Every structure is written in C-alpha cells, then in structure tokens.
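> What follows is a structure written as structure tokens; I'll ask about it next.
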Amino acid sequence: MGRKLLLKDIDVPGIRSFEVYRKQGGYASVEKALKTMTPDAVMEEVKKSGLRGRGGAGFPTGMKWSFLDRKSDKPRYLICNADESEPGTFKDRYLMEYIPHALIEGMIVSSYALGAKASYIYMRGEFRWIFPILEKAIEEARAAGFIGKNILGTDYSLEVYVHSGAGAYICGEETAQIESLEGKRGNPRNKPPFPAVVGLYNCPTVVNNVESIAAVPPIINIGGDEYAKIGVGKSTGTKLISASGHINKPGVYEIELGLPVEEFLYSDEYCGGIWKGRKLKAVIPGGSSVPILPGDLFLKNAKGEPRVMSYESLADGGFASGSMLGSGGFIVMDETACIVRNLWTFARFYHHESCGQCSPCREGTGWMEKVLHRIETGHGKMSDIDLLVDVAKKIEGNTICPLGDAAAWPVASAIRHFREEFEYHIKYPEKVKDPKHFEKEPFVSERNAVVAA
Amino acid sequence: MADTKPVQFTDAAMALVQKIIKRYPEGRQKSALLPVLHIAQAEFGGWLSTETMDYVAGILNIKPIEVYEVASFYTMYNLQPVGKCVLEVCRTGPCWLRGSDDIIQYLEQKLGIKEGETTADGMFTLKTVECLASCGSAPMMQVGNHYIENLSVEKMDEVLNKLKETHNVPSPDYGSPYPVTPGK
Ligand SMILES: Cc1cc2nc3c(=O)[nH]c(=O)nc-3n(C[C@H](O)[C@H](O)[C@H](O)COP(=O)(O)O)c2cc1C
Ligand code: SF4
Ligand code: FES
C-alpha cells in the first residue's frame with residue numbers, strides 16, 4: 001500500500017464534520033504555520049516539497065506563489081479552482097464532498113502564505129449539493145476560531161467564500177475564472193499581464209487547484225523535505241487519479257507518484273484490470289486534453305521500458321510516443337471501443353466549450369467536430385484524415401488560451417496512433433453505420449497488432 | 001411557472017442575495033451575478049425570463065445587457081421554460097464508453113421527445129450535457145441538485161417513476177447551489 005496524505009482518513013466515520021476531522025489531527029498545520037512560521041517560511045516549505053500544480057499543467061506551486069506581487073499595496077487574492085470540468089476528472093469533487101475540511105485547512109494556510117485576506121473557492125455550479133457541505137465546513141472552522149478575525153489570537157484575519165460557476169469548461173482556465181468571478185462571461189484574458197500581478201479586481205492573484213491546496217497542510221505538517229522524498233525525481237508526493245472507462249474498479253485513487261502503470265491498471269488495489277475479461281486497447285492518462293496512447297505504448301515507452309505514473313515517465317517520447325499526467329483523469333478503453341467515436345465526443349465537447357474569441361479555436365473546433373462526425377457515421381473521405389491533421393495544426397499555438405491546444409492534441413495523437421482505424425471507417429461505411437460497430441466486431445489491424453497483451 | 005408568480009424575491013431569498021453580495025468588495029457587487037442568477041432561476045420557475053434578468057440587473061445596479069450576455073454564456077441558465085424535472089444526461093467520452101447513448105435513446109423513446117424538448121404534460125425536459133465530473137460512476141445524469149449515477153437501461157423506469165413522485169407535488173425542485181429553503 002502506498003502512502004496516503006490526502007485520503008488517509010476518508011473511511012473514518014463522520015470525517016466530514018469538524019469535530020472528527022480535528023480529532024484525526026486536522027488543522028494542526030494552521031496552528032503550526034500561524035503560530036510558529038512566517039508567511040515566507042510557509043512558502044519555502046512548499047517550494048522544498050517540489051509540489052506541482054495538480055490542475056493539469058504541473059507548474060511548481062511554490063514558484064507560482066513566489067511570483068505574486070508583494071510590493072503593491074493592493075489586496076492579494078487566492079482563488080481555489082474547483083471548476084473541475086476536464087472530461088475524465090472527478091477527484092476534486094471527491095475530496096470536497098467527503099473531506100471538505102482538508103480543502104478549508106489548505107485554504108487557510110495557503111492564504112496566510114500569500115497574505116490574502118479574502119479567498120474564494122470557485123466551484124462549478126453543477127456541484128450544487130457540495131455548496132452547503134463546504135459552507136458548513138467554513139462555518140464550523142469559523143466557530144472554532146480558524147477563520148475570521150485574528151485567527152487563533154494572531155493578527156492574521158481571513159474570510160473564505162464559496163462562489164459558483166454556471167456551466168462553462170473554459171472557466172477552469174485561470175484568467176477566464178477571474179473574469180467569471182467578476183460577474184462576466186468567461187473569456188480568457190491575454191497574458192501578460194499574469195494574474196500574479198493583475199488578477200482579480202486588478203489585484204495580485206494566485207489561482208490553484210483544489211488538490212494542490214489540499215496538499216499544503218501535509219507538507220507543512222511533515223516538512224517540505226520529507227514530502228519531497230515521496231515520489232520519484234521531480235514528481236514528488238502523492239496524486240489523486242480519477243480512473244474511468246472500461247475497468248473493473250472505476251474511482252478516485254491516491255497514489256505515490258512513481259507507481260508502475262501496470263500495477264495501477266491491473267492490481268486489485270487500484271483499477272482491477274480491464275472489465276469483462278477484455279483486452280486493453282488505449283489509455284488517455286491525464287484527462288481528455290492529453291494525447292491518447294495505444295495500450296502497448298502506454299505500458300512501455302518506445303524504448304521498451306515500463307512506464308510509471310509520473311509527470312516525466314508518461315511524457316517520455318514527447319508527442320511522438322508519449323502523453324501527459326495532466327489532471328490525472330485516467331480513461332481506459334478496451335478492444336471494443338471506437339477511437340473515432342470517442343474522439344468525436346471530445347471534439348464536440350471542445351467546440352461546445354470554446355469561448356469563441358479566437359477564430360482558429362472557434363472555427364477549428366467546429367470543423368473537427370463536423371469532419372469527425374462524418375467519418376464516424378460512414379460519410380468520410382480519405383482526404384478528411386489529413387484535413388483533420390491540418391486543422392489541428394492550425395489551431396495549435398495560435399490562440400489566446402490553451403483550450404485550442406487541448407482540442408488539437410487529442411485529434412493529432414489519435415490519428416498518429418490509430419490512422420488505420422480512421423481509414424477503416426472510410427473504407428467500410430456500411431459497417432460503421434451501426435454506432436456499436438466495434439462492440440460487435442472489434443477492430444483488428446491488418447498492418448500490426450494494436451492491442452497489447 | 002414564472003408567469004404566475006410576480007418577479008419579486010421573497011424576504012428569505014432577498015436576505016440570501018444580500019448576504020452573498022457582501023462576500024465581494026464594495027463596488028464589486030457584479031461579482032454576485034452568477035450566484036444571484038442561480039437563485040432567481042430556482043425561485044422563478046426554473047428559467048430566466050427577460051423580466052427576471054431585468055429584475056436581477058436592478059438589484060445589482062448593473063445594466064440589463066450585462067445580465068443578458070452572462071446568462072446566454074453559461075449553460076446552466078435556461079432561457080426558455082423547462083419541465084418540472086430536467087434530466088441532464090452526460091454524453092462525453094467516459095460516459096459514452098459506459099453506455100450513455102443507450103440511456104439517451106431509451107429516454108427519448110420512453111418519453112416520446114428528442115433531446116432539448118419537454119413532454120406535453122410539462123413534466124420532463126431532456127437535455128444532454130458535457131462531462132459532469134462523475135465519469136467513475138458513468139453513465140449518469142443530473143436532476144436538480146442531485147446526480148443519479150451508475151445508470152442502466154433496466155433501472156430507468158424505476159428512476160423515472162420516483163422522479164415523477166418527488167417533482168409533481170407540491171412544487172418542482174429546479175435546484176440551486178444556494179438553497180433558499182435548506183434541504184430542498
Ligand atoms: C480550458 C482549460 C480548462 C481548465 N480547467 C481547469 C479545472 O477545471 N481545474 C483546474 O484546477 N485547473 C484547470 N485549468 C488549469 C488552470 O488554468 C490553472 O492552470 C490551474 O488552476 C492552476 O492550478 P495549479 O497550479 O494548482 O494546478 C484549465 C486550463 C484550461 C486552459
Ligand atoms: S483558445 Fe478558444 S477558448 Fe481559449 S480564448 Fe481562444 S476561443 Fe476562447
Ligand atoms: S464524461 Fe460523463 S461525467 Fe465525465
């Protein structure tokens with residue numbers, strides 16, 4: 001069993017309440033930080049821990065905090081990104097729903113390190129029933145003196161608020177989130193200036209993912225150096241993985257980074273293997289935005305070395321033969337899955353979620369959705385495949401925010417690894433007219449075996 | 001529905017709105033727009049009429065156009081009347097892998113409507129939505145404040161019957177992240 005830092009108490013009855021959470025050692029990091037450490041010392045520990053942003057980009061959290069403009073006399077803000085809308089990702093929801101105090105504790109310590117006096121948790125509006133859970137947790141923490149004026153008798157004061165989104169994936173992007181929190185449409189801003197200098201209400205702002213913030217209390221409790229010993233290389237600590245798709249045990253798992261992918265996928269402690277006794281076809285290891293990998297390339301890199309669950313190992317091989325850990329949205333497909341249809345659902349998603357500001361993204365995602373739909377339903381032409389590659393290339397790198405790239409990468413990687421399956425759709429239009437085509441008769445490559453053992 | 005009720009928050013709803021406005025710095029009351037629209041939608045029949053949006057603009061002291069452009073950007077706001085019970089079935093990749101297409105097809109047949117439509121008796125509206133962060137319990141749908149997860153075609157009749165009972169009387173539950181009446 002790997003070490004657990006975030007979910008270690010998930011099975012303790014009543015852990016949602018302050019009383020039980022506190023009994024399990026909760027809020028110790030607030031006492032330690034506010035009474036014995038300066039804000040800078042808290043930031044130093046986070047830097048030493050090597051914690052990398054858990055929202056998808058993997059940017060070092062301590063370094064992000066150090067960019068916050070501390071010279072300006074404007075208020076500073078911390079926004080917790082609880083928008084969780086990347087398809088395949090559902091770990092933040094799990095944490096907030098079942099151990100809300102882990103997030104609230106993290107909010108207090110992180111806000112202290114940043115000098116924020118008011119912090120917001122921006123949660124996707126669909127999590128309607130979690131709002132009362134978090135608000136209750138905040139009230140309990142306030143009643144115990146951990147939130148409000150002069151916390152624990154120190155001169156640090158803080159308010160934490162929950163704010164609701166209203167259904168827009170793009171509001172997970174940090175500058176769109178800031179716009180949305182200001183009561184506007186979620187149109188991402190041009191960078192620079194970065195939020196660390198000009199953010200919410202034009203004030204210095206840090207936006208961090210739920211899981212990143214919840215990782216701060218254990219770092220303060222055990223120390224940054226100790227945290228950095230968990231994991232492998234620059235992938236330190238533990239990570240929540242949301243596992244979905246064709247596996248026996250979908251769910252949220254906390255792993256030590258560096259866990260062999262094979263163990264994660266096949267052992268009963270985690271995913272429990274492929275369902276219905278079927279074979280593995282492909283894995284999208286980090287949420288819908290990251291490149292898809294055929295089973296064999298997922299289990300072993302192009303050099304034949306087994307991969308592990310880490311930022312570096314999953315990315316090994318670059319875009320040619322690697323992927324990314326991303327948000328940890330781990331989507332598994334068995335031999336009956338149709339790569340084209342799955343990709344079409346993603347293209348539809350990105351088209352639907354594009355804010356429409358940049359024409360390559362607005363038009364390109366629409367094109368990709370349309371072309372993929374016609375290929376999938378048996379109306380495609382051979383030239384459509386290269387058309388898709390071309391459209392994806394035109395989007396990549398030519399947009400204000402990374403949603404454009406996020407829409408392009410899955411298309412480019414699916415065609416790179418599964419071109420033959422796209423060709424099959426065009427060669428055999430009658431066969432693919434049935435939406436369940438590969439469920440009835442799994443696709444078998446005529447050129448090489450796509451399916452791993 | 002909205003047209004039978006005057007567009008005027010109850011005292012309880014108004015108190016909640018005022019409490020939420022105070023969460024943002026002075027002069028930044030526009031920040032409360034998304035939350036207040038959620039409350040308005042739940043209070044005034046499950047959708048946002050022009051009248052409702054103008055009313056919200058007045059409360060927040062912003063121009064009506066600022067409300068319209070926001071309301072039309074976010075998918076959770078209904079700009080048309082909806083049934084008492086809105087079924088929002090997720091259809092993105094991970095849910096599709098576990099059979100969301102079958103659920104949608106079954107509901108369309110059973111209710112005799114297409115996605116986006118409302119049954120003639122005004123009971124059910126069927127919508128398809130994108131990933132609701134419930135992929136580990138797919139297929140699934142959202143109804144008001146709840147997620148109904150691990151759906152299967154076999155279970156659908158029972159689910160629909162239960163929903164009919166709970167949403168018919170005395171008043172429908174459109175759901176809101178900011179419940180005016182706790183527990184609803
Ligand atoms: C289109 C798009 C959607 C995003 N959605 C989320 C999200 O739902 N949750 C999240 O934490 N980060 C999301 N991000 C990343 C954020 O912009 C930001 O990098 C992150 O919240 C920073 O937190 P971290 O450093 O703690 O990971 C998204 C980015 C993009 C471009
Ligand atoms: S890339 Fe797409 S989502 Fe991002 S700002 Fe441009 S149009 Fe909007
Ligand atoms: S794909 Fe349906 S909840 Fe994520």
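> Considering each residue of the stretch A:108-142, count those that are among the β-branched types (Val, Ile, Thr) and within 14 Å of another protein chain (Cβ to nearest Cβ), and give that number.
The qualifying residues number 4.
> Go through the stretch A:86-145 and report how many residues are of a type in the set (A, V, I, L, M, F, W, C) and in contact with a His (Cβ under 6 Å, 6 or more places away or on another chain).
So the count comes out to 1.
> Which one of the conditions (1) closer than 30 Å to A:SER359 by Cα; (2) open to solvent by 10 Å² or more (accessible area, probe 1.4 Å); (3) touching a residue at least 24 places away in the same chain (Cβ under 8 Å); (4) more than 14 Å from every other protein chain (Cβ to nearest Cβ) does A:PRO193 fail to meet, given that it meets all the rest?
Only one criterion is unmet by A:PRO193, namely (3).
This table checks each residue for (1) open to solvent by less than 50 Å² (accessible area, probe 1.4 Å); (2) within 30 Å of A:CYS338 (Cα to Cα); (3) touching a strand residue (DSSP E or B) at 6+ places or on another chain (Cβ under 9 Å); (4) more than 14 Å from chain A (Cβ to nearest Cβ).
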| residue | (1), (2), (3), (4) |
| --- | --- |
| B:LYS19 | no, no, no, no |
| B:LEU33 | yes, no, no, no |
| B:GLY58 | no, no, no, yes |
| B:ILE62 | yes, no, no, no |
| B:VAL70 | yes, no, no, no |
| B:LEU79 | no, no, no, no |
| B:MET123 | yes, no, yes, yes |
| B:LEU126 | yes, yes, yes, yes |
| B:VAL129 | yes, yes, yes, no |
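> Moving on to the next point. More than 16 Å from ligand 2 (Cβ to nearest atom), crowded, with 17+ Cβ neighbours inside 10 Å, at the interface with chain A (Cβ under 8 Å from one of its Cβ atoms) and acidic (Asp, Glu): does that describe B:GLU88?
no
> Just need a number here: residues in the stretch A:69-90 that are in contact with a Gly (Cβ under 6 Å, 6 or more places away or on another chain) and within 14 Å of ligand 3 (Cβ to nearest atom).
7
> Looking at the structure I just gave you, is A:VAL197 near ligand 1 (Cβ under 10 Å from one of its atoms) and either more than 19 Å from B:LEU37 (Cβ to Cβ) or of a type in the set (Lys, Arg) (or both)?
no
> Mind checking which helices (runs of 4 or more DSSP H) fall wholly inside the stretch B:44-112 and carry at least 3 residues that are farther than 16 Å from B:MET156 by Cβ?
B:50-60, B:64-71, B:93-97
> Condition check: open to solvent by less than 10 Å² (accessible area, probe 1.4 Å), more than 28 Å from B:TYR24 (Cβ to Cβ), within 14 Å of another protein chain (Cβ to nearest Cβ) and not in a helix (DSSP H, G or I). Does A:GLY26 satisfy that?
No.
> Confirm whether A:GLY55 is modelled with pLDDT of 95 or more, away from chain B (no Cβ under 14 Å) and within 14 Å of ligand 1 (Cβ to nearest atom).
no
The values are calculated or read from the model by the stated rules, or taken from the named source; none is laboratory data. Since the model is a prediction, treat every value here as computed from it, not as a measurement. Don't worry about glycine lacking a Cβ; one is built from the backbone with ideal geometry, like all the others, and counts go over all protein chains shown. All accessible areas refer to the heavy atoms of the entire protein, side chains included, with ligands and DNA or RNA removed. Shrake-Rupley method; radii C 1.70, N 1.55, O 1.52, S 1.80 Å.
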